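Enquirer: Dumping the structure here so I can ask a few things about it.
A short reminder: the numbers here are calculations on the coordinates, not readings from a lab. Computed from a predicted model, the values in this text were never measured in an experiment. In this analysis, Cβ positions are derived from the backbone assuming ideal geometry, glycine residues included, and neighbour counts consider all displayed protein chains.
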Amino acid sequence: MLAGIRTRDLRKIYTSPPPLAAGGTFAFSTARGKSNKQPKPQIVALDGLSLEVSPGEIFGLLGPNGAGKSTTVGILTTRVRPTGGQAWIGEHDVWKDQVAVKRLIGVVAQRPNLDFSLTAREILLFHGAYFGLDSRERAELAEALLDRFKLRDRSDQMVRGFSGGMMQRLSIARAMMHDPQILFLDEPSAGLDPQTRLLLWEIIREYNQRGKTILLTTHNMEEADALCHRLAIIDHGRKIALGTPGELKASVPGGFLLRLRFGRHSPELLLRLQTLAGVTEVRPSSHANDDNSADVYADRGGSLVSEIANLASGASVELCDVHISEPSLENLFLHHTGRSLRE
Amino acid sequence: MNWKTFLALLARDAHVARRNFVPLLLQTFLQPMMFVFIFGRVMVSSGYMPAAYKSLLLPGIMAISMVFTGVWAVAMPLISEFQFTREIEDRLLAPIEISWLAIEKVIFGTLQALLAGSVVIPAAWLLLRPGVELNLRSPLSFACVTLLVALFSACGGLALGCSINQAHIGLMFSMVLTPMIFFGCAYYPWSALNHFPILQKIVLVNPLVYASEGLRGTLVPQFPHLSMPVVLIALAFFDALLLTAGLRQFHRKAVS
């Protein structure tokens, strides 16, 4: 059975600090509780998020820390109670039909949450047992996964002493142990070395080719670009763009982004920049304390720099810094939110 | 309810307990056995305590060992598994309602407490003999009391384990378990508090009082003790109360 994911107008407001796995620093608004005498800080993590992930798709949630990615995964995997809205895994309402949902999903959390009282092999075996696999089946699957994830050498050691990368690999192996229809990966390659990251990408693609649905969150452009069939870019708990990586990149005006910093603020200069050939949009910097900067979207990059420098010297403004980025999801994110993914 | 999953969860806890058997054994029995030796043997032999104290002490020691074991077996793993590392997440994602995970912990804690109780009687008897006069008149009420005490200890472990975090473990011992043990009528019968009428009323909120008095009433009924119906009703009440509170706290910890 193939299963997809659907959410409708999902909202989540934390009134106590969210668990660490649901995102580190939250960009939050502080509001006061209505009826309580003691005001509680309210952290809006999701603000009406609607998504539809088709069965068999690799879908990416892209956004900076605190955008609501982990909270979305938390709700879809029964670990976070939504404040409003609904979510379905296949035909099952996530909140009302938790056991059926848990059978369909495998989850890799942002931080390794391995059972530290067990060895690597035991973790896989007990996980299989929780899902009702018989002992022969469990043993075979565990062996295969230990091999696939290059964990055989340490398979009978307690996982407490494992490196971060090994724990992450074991977490992913564990999530695949019961062969779930949908795999959730919350920042799967965080903390992995480049070689392991490639192994992980290969395993994800391979799993997907067996018809499985994969939802992954990332703030890594390269990963989103390399793996995902479709992407939703989210920020402050809202969806700000949706499409294939190609479509999303093509939607950035001009494609190239030149981030400029001048010696002083000059609105006239910005107007003149707009007239240069190939420039599609000029935006003053979105930073409140920095009005000497501007973002120029254009269909060419390096060749514009000398023309910009000429215009600037003509207006007696010093050009202090230029940064050129090629068409990318990073630019798309900047275009929509005015801030970089890593800020 | 999914039995396969439930049994697998129990098997996991049994496996971990087997691995930690020796530390668990020392942790549970060393302190009560030293107490038995000093108060039941040294103090009695030297004449500071009457010989009858041996028999009076044994049920109390059994109650303390059981309660301590049950609380420890359930609370300590929960405290660490709900911490930063969220080790429990794998089991929360197992295909079973999460309340059953809490109930599994309670059942496992109850079994451990029963085991502790059944080991402490012969161990204490060996340390104290001769001079221990056990009069087991009604094995059925003894079994009921023992079961309710074991259940109370595991439910208490669930409620405590889901209510405090790692930083407050020390506080749990000094603020909850220590007063509970000293005001739990384990080392003296409840009637010994006749001279402290206010304290005698206050200690009735301590469930260990009913555990000690219940075991005293069934093992050494020659000593004064609370009446059996009162003991059974009170223990059943505390079991239900702590289980309800524990499940509620468990849900609050498990789902954000």
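Enquirer: Would region A:168-289 count as rounded, prolate or oblate if I go by the C-alpha gyration tensor, calling it rounded below 1.5 in a/c and otherwise prolate when a/b exceeds b/c, oblate otherwise?
Expert: Prolate shape, in that a/c is at least 1.5 and a/b is the bigger ratio.
Enquirer: Return the Rg/Rh value of chain B, two decimal places, where both radii are evaluated on C-alpha atoms and Rh is the Kirkwood radius.
Expert: On the Cα set of chain B, Rg over Rh gives 0.99.
Enquirer: If you don't mind, another one. Rounded to the nearest 500 deg cm²/dmol, what is the calculated helix-only ellipticity per residue at 222 nm for chain B, with -39500 (n - 2.57) per DSSP H run of length n ≥ 4?
Expert: -22500 deg cm²/dmol, from helical runs alone.
Enquirer: Number of Lys-Lys pairs in chain B under 30 Å by Cα, sequence gap 8 or more or different chains? Before the final figure, lay out the partial values.
Expert: On the way: B:4/B:105; B:4/B:253; B:54/B:201; B:105/B:253.
Close lysine pairs found across chain B: 4.
Enquirer: Under the definition of Cα pairs under 8 Å and six or more residues apart, what whole-number percent is the relative contact order of chain B? Write down the numbers at each step before the final one.
Expert: On the way: 357 pairs, mean separation 68.6, N = 256.
Relative contact order for chain B comes out at 27 percent.
Enquirer: Still on this structure: In chain A, if the dipole is taken from +1 on Lys/Arg beta carbons and -1 on Asp/Glu beta carbons about the Cα centre, which of A:282, A:107, A:59 is farthest to the positive end?
Expert: A:107
Enquirer: To the nearest Å, what is the center-to-center distance of region A:277-337 and region A:41-62, using C-alpha atoms only?
Expert: 32 Å
Enquirer: Over all alpha-carbon pairs of region B:105-180, lay out the pair-distance distribution in 5 Å bins, whole %, shortest bin first.
Expert: Answer for region B:105-180: a P(r) of 3, 13, 16, 19, 19, 14, 9, 5, 2, 0 percent.
Enquirer: What list of ³J(HN,Hα) couplings, whole Hz, do you get for region B:171-182 from phi and the Karplus terms 6.51, -1.76, 1.60, once you set θ to phi - 60° and write x for glycine and proline?
Expert: Once θ is set to phi - 60°, the couplings for region B:171-182 become 5, 4, 5, 7, 9, 10, 6, 5, x, 4, 6, 6 Hz.
Enquirer: Using only Cα atoms, figure out Rg for the protein assembly as shown and give it as a multiple of 2.2 N^0.38 Å.
Expert: After normalising by residue count via 2.2 N^0.38 Å, the value is 1.26.
Enquirer: Also, quick follow-up: Can you compute the equivalent ellipsoid semi-axes for region A:147-226, i.e. the square root of 5 times each eigenvalue of the Cα gyration tensor, sorted largest first and rounded to whole Å?
Expert: 21, 16, 11
Enquirer: Could you give me the ³J(HN,Hα) list for region A:108-115, computed from phi with Karplus coefficients 6.51, -1.76, 1.60 and θ = phi - 60°, whole Hz, x at Gly and Pro?
Expert: With coefficients 6.51, -1.76 and 1.60, one gets 10, 6, 5, 10, x, 10, 6, 7 Hz.
Enquirer: Right, here's the next one. Kirkwood hydrodynamic radius, region B:54-186, all distinct C-alpha pairs: what's the number in Å?
Expert: Evaluated on region B:54-186, it is 16.0 Å.
Enquirer: Convex hull over the Cα atoms of chain A, averaged projected area in nm²?
Expert: Here the figure is 20.7 nm², rounded to one decimal.
Enquirer: In what order do A:228, B:144, A:320 fall by count of nearby beta-carbon atoms within 10 Å, going from fewest to most? Show your work: numbers first, answer last.
Expert: Details: A:228 23, B:144 18, A:320 13.
With the sparsest Cβ surroundings first, the list reads A:320, B:144, A:228.
Enquirer: Length gain on complete extension for the stretch residue A:192 to residue A:316, per 0.36 nm per residue less the alpha carbon to alpha carbon distance?
Expert: Answer, rounded to one decimal: 39.8 nm.
Enquirer: Something else: Find the centroid of the Cα atoms in region A:140-194 and in region B:182-256, then give the distance between the two in whole Å.
Expert: If you average the Cα positions of each part, the centres end up 47 Å apart.
Enquirer: Within chain A, what percent of beta bridges assigned by DSSP are antiparallel, to the nearest 5?
Expert: Counting only bridges with both partners in chain A, antiparallel ones make up about 70 percent.
Enquirer: Next question. Under 5 Å between amide H atoms, partner at least 5 residues away or on a different chain: which partners does residue A:320 have, H built in plane at 1.01 Å?
Expert: A:261, A:262, A:263
Enquirer: If you wrap a convex hull around the Cα atoms of region B:110-249, how much volume per residue is inside, in Å³? Please report the intermediate quantities before stating the final value.
Expert: On the way: hull volume 17.5 nm³, N = 140.
Convex hull volume per residue, Cα atoms: 125 Å³.
Enquirer: Any idea what log10 I(q)/I(0) is at q = 0.18 Å⁻¹ for region A:81-191, Debye with uniform C-alpha scatterers and no solvent?
Expert: -0.90
Enquirer: Now, a different point. What are the residues whose amide H is under 5 Å from the amide H of residue A:3, where those residues sit 5 or more places off or on another chain and H is modelled from the backbone?
Expert: Those qualifying (amide H under 5 Å, at least 5 residues apart or on another chain) are A:56, A:213.
Enquirer: Would you work out the relative contact order for chain A, in percent, from Cα pairs under 8 angstrom that are 6 or more residues apart?
Expert: On the way: 686 pairs, mean separation 64.0, N = 343.
RCO, chain A: 19 percent.
Enquirer: Now, a different point. Give me a comma-separated list of calculated 3J(HN,Hα) values for region A:309-325, in order, Karplus coefficients 6.51, -1.76, 1.60 applied at θ = phi - 60°, integers in Hz, x for any Gly or Pro.
Expert: Coupling constants for region A:309-325: 4, 4, 4, 5, 5, x, 9, 6, 10, 7, 8, 8, 8, 10, 10, 9, 10 Hz.
Enquirer: How high is the relative contact order of region B:152-253, given as a whole-number percent (alpha carbon pairs under 8 Å, six or more residues apart)?
Expert: 41 percent
Enquirer: Shape verdict for region A:129-193, please, from the Cα gyration tensor: rounded (a/c under 1.5), prolate (a/b greater than b/c) or oblate.
Expert: oblate
Enquirer: Ok, one more. Given points 7 Å out from each Cα along the Cα-Cβ axis, report the residue A:250 to residue B:205 separation in nanometres with one decimal.
Expert: Each label point is offset 7 Å from its Cα along the Cβ direction, giving 7.1 nm.
Enquirer: Using a Förster distance of 56 angstrom, determine the FRET efficiency expected from the C-beta separation of residue B:198 and residue A:65, and round it to 0.05.
Expert: Computed FRET efficiency for residue B:198 and residue A:65 comes out at 0.50.
Enquirer: Rounded to the nearest 500 deg cm²/dmol, what is the calculated helix-only ellipticity per residue at 222 nm for chain A, with -39500 (n - 2.57) per DSSP H run of length n ≥ 4?
Expert: -9500 deg cm²/dmol
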